[in-house]
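S.K.: Could you have a look at this structure, given as structure tokens, before my questions?
Where a number appears in this text, it was derived from the coordinates with a stated rule and is not lab data. All figures in this text were calculated on a predicted structure; none of them were measured in a lab. Here the Cβ is made from the backbone with ideal geometry for all residues, glycine too, and neighbour counts use every protein chain on show.
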Amino acid sequence: MTERCRLYLISPPKLDPRSFSETLRRTLGAGDVASLQLRLKDSSDDEVRRAVEILMPIAQARDVAFILNDRPDLAHELRCDGVHIGQDDVDYAEARAIVGRDCIVGVTCHNSRHLAIEAAEAGADYVAFGAFFPTTTKEPKEMAEIETLQWWAEMMVVPCVAIGGITVENAKPLIEAGADFLAVSSGVWDFPAGPADAVKAFNGLF
């Protein structure tokens, strides 16, 4: 792999955008972050809109791609940089039709090589494999194997994201296996020394 692995930050599952904005500013200022996914599962559309309005400019000011989870309609309406869809959301073709050609569309593929190849061939900008470790953020459908990452890195050019329970302590095998991005939520926000130090520590690993 010629490119170095980078951090794909996922927001806490619940947040107050106004008070979180300063934490986000400090965290993104601590080191290289490729993207920020806003993942607010149990929030109303208006709550998501308000969070995007407040947080997206902070990310974009640092050249961090702002990706909305699950909702291509809102991603298009709010002019986010991308959308991330799961297997239970709209399919790739529908998401792409909604957001347009210039928007990032990433697809969850669990541990399935078949789903990942389908997504890549359809035009997905990245595929996400996971969960690699137990996670408190969501109940994973299945656990992913490091061999899947290694196989993808050797065979495919579409970037892959490793997700699920990733921390500074357990990340190294995923980087070595060829992950292009590590998607991390609680491993950053709950880091004992604080999220900014977590970003520094991940970049030290990369």
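S.K.: Can you give the Kirkwood hydrodynamic radius of region 49-156 from its Cα pairs, in Å with one decimal?
M.R.: Values: mean 1/r = 0.0678 Å⁻¹.
It works out to 14.8 Å.
S.K.: Here's a follow-up. What size of dipole, in debye to the nearest 20, comes out for the chain about its Cα centre when the only charges are +1 on Lys and Arg C-beta atoms and -1 on Asp and Glu C-beta atoms? Before the final figure, lay out the partial values.
M.R.: Details: 20 positive and 32 negative charges, 128 e Å.
Charge dipole of the chain: 620 debye, to the nearest 20.
S.K.: Can you give the Kirkwood hydrodynamic radius of the chain from its Cα pairs, in Å with one decimal?
M.R.: Evaluated on the chain, it is 16.9 Å.
S.K.: Quick one: what are the phi-derived ³J(HN,Hα) couplings along region 55-71, Karplus 6.51/-1.76/1.60 with θ = phi - 60°, whole Hz, x for glycine and proline?
M.R.: After applying 6.51 cos²θ - 1.76 cosθ + 1.60, I find 8, 4, x, 5, 5, 5, 5, 9, 6, 9, 5, 9, 10, 9, 7, 6, 10 Hz.
S.K.: Next up: Using +1 at the Cβ of each Lys and Arg and -1 at the Cβ of each Asp and Glu in the chain, identify which of Pro173, Val105, Ala201 lies farthest towards the dipole's positive end.
M.R.: Of the options given, the answer is Ala201.
S.K.: Just to be sure I understand: of the beta bridges DSSP finds with both ends in region 6-205, what percent are antiparallel, rounded to 5?
M.R.: 0
S.K.: For the chain, what's the relative contact order in percent, using C-alpha pairs closer than 8 Å and at least 6 residues apart? Working shown, then result.
M.R.: Values: 403 pairs, mean separation 45.7, N = 206.
Rounded, it is 22 percent for the chain.
S.K.: Go ahead and estimate [θ] at 222 nm for the chain from helices alone: -39,500 (n - 2.57) per DSSP H run with n ≥ 4, summed, over the residue count, rounded to 500.
M.R.: Calculated from helices alone, the mean residue ellipticity at 222 nm is -11500 deg cm²/dmol.
S.K.: Residues with amide H under 5 Å of Gln37's amide H, sequence separation 5 or more or different chain, H placed in the peptide plane at 1.01 Å from N; which?
M.R.: HN-HN under 5 Å from Gln37: Leu9, Ile10, Ser11, Ile67.
S.K.: Next question, about the same structure. What are the ³J(HN,Hα) couplings of region 36-50, residue after residue, when phi is run through the Karplus curve with 6.51, -1.76, 1.60 and θ = phi - 60°? Round to Hz, x for glycine and proline.
M.R.: The phi angles translate into 10, 9, 8, 10, 10, 5, 10, 10, 6, 4, 5, 5, 5, 4, 5 Hz.
S.K.: Give the long-range amide H neighbours of Arg6: residues separated by 5 or more places, or on another chain, with amide H under 5 Å away, using H modelled in the peptide plane at 1.01 Å from N.
M.R.: Amide H neighbours of Arg6, under 5 Å, 5+ apart: Phe181, Leu182.
S.K.: What does the charge count near Asp32 come to, summing +1 for each Lys or Arg and -1 for each Asp or Glu among other residues with Cβ under 11 Å from its Cβ?
M.R.: Working: positive: Arg4, Arg6, Arg62, Lys200; negative: Asp63.
With Lys, Arg at +1 and Asp, Glu at -1, the neighbours total +3.
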